[in-house]
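Just below is one structure, and these are the notes that go with it.
A short reminder: the numbers here are calculations on the coordinates, not readings from a lab. Given the structure is predicted, the values throughout are model-derived calculations rather than measurements. Every residue, glycine among them, receives a Cβ derived from its backbone with ideal geometry; neighbour counts consider all protein chains shown.
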Amino acid sequence: MTDTTPVDETAPDTTPSTEDRGSNRSQRPVSEAFKSFITSQWGERPDLGVEPGEAVPFTAERRAKLSARFPGARLVVPAGPLKVRSNDTDYRFRPHSAFAHLTGLGTDHEPDAVLVLHPVADGEGDPDGSGNGTHHHAVLYVRPLAARDTEEFYADSRYGEFWVGARPSLDDVTTLTGIEARHVDELRDALAKDVGADGVRVLVVTGSDEGIEALVEAIREEAGVAQEAEAAADEQLVEATSELRLVKDALELEHLREAVARTIEGFEQVVPALPKAVAHRRGERVIETTFDAHARLEGNTVGYETIAAAGEHATTLHWITNDGVVRSGELVLLDAGVEVDSLYTADITRTLPVDGEFTDVQRRIYTAVLDAADAAFAVAKPGTKFRDIHAAAMEVIAARLEEWGLLPDGVTAEVALSPEGQQHRRWMVHGTSHHLGLDVHDCAQARRELYLDGVLEPGMVFTIEPGLYFKADDLAVPEEYRGIGVRIEDDVLVTADGNENLSAALPRRPEDVEAWMARLRG
Ligand code: GLY
Ligand code: MN
Ligand code: MN
């Protein structure tokens with residue numbers, strides 16, 4: 001990695017203060033001769049050949065739906081800033097999901113950009129996809145490509161073309177997104193226009209960019225607008241952008257199918273790597289890096305940190321340290337998803353016997369989890385309450401635990417399933433399902449009545465992921481169960497009359513898992 005901060009090489013050699021240490025190592029010249037030479041003699045910029053993105057008509061429709069919920073209000077949706085990883089080094093950028101959903105921009109586009117839906121007279125706004133005008137006109141405020149005669153071009157390690165590559169021009173952004181693009185320097189005035197207690201309201205999607213939130217607050221303050229009511233309205237905007245994603249459109253479904261397909265390929269690459277994992281002192285890392293390499297090669301990255309949990313580690317629900325050994329005879333739980341360039345992710349778990357064959361007790365536990373998943377699949381159809389998917393899975397889990405004699409004395413499955421009981425949850429403390437999309441836990445800010453208490457509709461996509469986790473030191477279970485964790489997780493689309501298991505191509509039944517592993521290991 002190259003150091004970033006300019007320092008005059010000719011300056012006297014003095015010991016820097018602690019605050020100056022960031023500029024301690026740089027050797028970039030600041031002479032006028034250097035500046036005039038580095039900013040001159042560059043060829044014509046090539047035409048990037050930007051074409052309208054496939055998302056253009058879909059994002060117009062998404063914005064129109066948001067517009068209909070907030071007539072008269074200015075809606076601010078920041079992409080978010082770069083985040084410091086350490087000192088002068090940033091994390092790879094990922095835009096906020098509400099921004100990605102409403103603009104169609106994916107991968108690492110575009111730090112500090114802000115989508116603003118400006119209120120206009122009813123019906124005078126952008127077309128809504130059916131040709132009608134909405135209540136808003138959308139503008140994307142972006143930092144455009146800097147000219148080569150600017151200091152930013154060569155000296156700005158965060159944004160400069162020399163350091164991070166050329167950004168698209170404003171025209172390119174407009175072509176790509178179908179949204180008018182303007183220089184981010186115009187943002188403040190554009191946000192403040194006509195704002196007032198009796199004027200335009202300005203609402204911001206919070207949780208993405210603290211700088212933009214502070215700017216909006218300052219604008220409200222200057223305009224004499226009481227902040228409290230606006231904070232509640234901001235929350236409604238956050239809810240709305242989350243709820244807008246509860247039912248996926250055709251393009252989202254295409255991207256989710258792509259994410260699932262790439263993820264299944266990643267699982268297929270892990271199976272032949274298992275012998276190498278067994279041989280390595282940190283075998284879980286062999287599994288993690290095999291999957292993650294595929295995610296990076298064929299998608300944008302992973303949709304969340306890969307869980308590669310062998311043996312007892314599988315009983316830690318979000319085990320991402322992945323530094324354990326992989327032992328012959330044990331199970332390995334792989335919970336992983338490829339996020340494709342549009343930022344949609346899959347979220348799939350399979351629990352695999354390291355040697356390719358389940359032992360009797362492993363199969364018994366695995367089958368109970370599979371039956372719980374199948375029970376959840378059986379009720380996942382339009383009209384079912386979201387929370388009843390979980391209830392269906394829990395009925396099976398509680399029944400099996402009763403059958404195995406694991407529930408406390410006198411506690412039947414029925415007692416355990418009552419709100420006052422819940423003893424079975426000792427072995428599965430997580431929920432069975434969550435919505436899936438741009439975020440692995442998508443739509444998380446949706447109102448409870450639309451999520452947990454909501455009713456399934458065609459186009460919803462969520463996981464079904466029951467599990468059983470018996471910790472190595474769990475004295476409430478017989479020894480043979482201890483140290484075994486099983487989760488089976490699939491990605492499910494609600495259809496007009498039932499559901500489609502989007503990840504069905506990845507075997508789930510124990511005998512199918514064994515046959516699949518045998519085939520992949522050759
Ligand atoms: N990988 C996180 C989850 O399954 O929800
Ligand atoms: Mn999940
Ligand atoms: Mn998962």
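Brief remarks follow.
- Amide H contacts of Val202 (H built 1.01 Å from N, in plane; Pro and chain starts excluded): Arg74 sit under 5 Å, all sequence-distant by 5 or more or on other chains.
- Length released on extending from Thr316 to Val429, taking residue separation times 0.36 nm less the Cα-Cα span: 39.6 nm
- The slack in the chain from Val247 to Ala444, taken as 0.36 nm per residue of separation less the alpha-carbon distance, amounts to 69.6 nm.
- Of the peptides 316-327, 122-133, 235-246, 83-94, the order by per-residue mean of other Cβ atoms within 10 Å, starting with the highest, comes out as 235-246, 316-327, 122-133, 83-94.
- Nearest-ten-degree value, helix 210-222 long axis tilted from longest Cα axis of the chain: 60 degrees
- In order along region 512-517, phi translates into HN-Hα couplings of 6, 4, 5, 5, 5, 5 Hz, rounded to whole numbers, per the Karplus curve 6.51 cos²θ - 1.76 cosθ + 1.60 with θ = phi - 60° and x for Gly and Pro.
- Applying a DSSP loop filter and a limit of 16 other Cβ atoms within 10 Å to the GluC sites (Glu not before Pro) in region 260-307 leaves Glu305.
- In the chain, taking the dipole from charged Cβ atoms about the Cα centre, the farthest positive-side position among Val286, Leu75, Ser342 is held by Val286.
- Annotation: aspartates and glutamates with alpha-carbon distance below 20 angstrom to Lys35 (same-chain offsets under eight excluded): Asp3, Asp8, Glu9, Glu44, Asp149, Glu151, Glu152, Asp156, Glu161.
- Principal-axis tilt of helix 227-243 within the chain, Cα atoms, nearest 10 degrees: 60 degrees
- Qualifying trypsin sites (Lys or Arg not before Pro) for region 130-198 [loop in DSSP, other Cβ within 10 Å: at most 16]: Arg158, Lys193
- Only Lys, Arg, Asp and Glu carry charge here, each on its Cβ (+1 for the first two, -1 for the last two); on that basis region 464-522 has a dipole of about 240 debye about its Cα centre.
- Arg281-Ala33 pseudo-label distance in nm [points 7 Å out on the Cα-to-Cβ vector]: 5.3 nm
- Taking Cβ atoms as reference points and 9 Å as the exclusive limit, the residues near Arg158 contribute a net charge of -3, counting Lys and Arg as +1 and Asp and Glu as -1.
- Only beta bridges with both residues in region 29-186 are counted; by DSSP, about 75 percent of them are antiparallel.
- Estimated FRET transfer efficiency (Thr412, Trp42; beta-carbon r; R0 60 Å; 0.05): 0.15
- Computed label-point distance, nm, for sites Val50 and Ala231 using a 7 Å Cα→Cβ extension: 3.8 nm
- Listed residue (Gln227, Thr301, Thr174) projecting farthest to the positive dipole end of region 159-307, Cβ model: Thr301
- Helix 56-69 axis versus longest C-alpha principal axis of the chain: approximately 90°, rounded to the nearest ten.
- Gyration tensor verdict on region 309-394 (Cα atoms; rounded if a/c is under 1.5, prolate if a/b is larger than b/c, oblate otherwise): oblate
- If R0 is 60 Å, the Cβ-Cβ spacing of Glu186 and Asp371 corresponds to a FRET efficiency of close to 0.50.
- Viscosity 0.692 mPa s, 37 °C: Kirkwood-radius Stokes-Einstein D of the chain over Cα pairs, µm²/s: 127 µm²/s
- Taking 0.36 nm per residue of separation and subtracting the Cα-Cα distance, full extension of the segment from Ala378 to Ala214 would add 54.2 nm.
- Expressed as a fraction of 2.2 N^0.38 Å, the C-alpha radius of gyration for region 156-228 is 1.40.
- Kirkwood hydrodynamic radius (C-alpha pairs) into Stokes-Einstein, region 413-522, 37 °C and 0.692 mPa s, D in µm²/s: 196 µm²/s
- Relative to the Cα centre, the charge distribution of region 374-515, modelled as +1 at Lys and Arg Cβ and -1 at Asp and Glu Cβ, gives a dipole magnitude of about 340 debye.
- Relative contact order computed over the chain (Cα-Cα under 8 Å; 6+ residues apart), in percent: 12 percent
- Considering only Ala444, His434, Leu520, the residue lying farthest towards the positive end of the dipole of region 431-522 is Leu520, judged by Cα position with unit charges set on Cβ.
- Electrostatic dipole magnitude of the chain [Cβ: Lys, Arg +1; Asp, Glu -1; Cα centre; debye, to 20]: 1020 debye
- Sequence-distant aspartates and glutamates (8 or more away, or on other chains) whose Cα lies within less than 13 Å of Lys276: Glu284, Glu288, Asp355
- Inter-site label distance for Ser328 and Leu297 at 7 Å from Cα along Cβ, in nm: 2.8 nm
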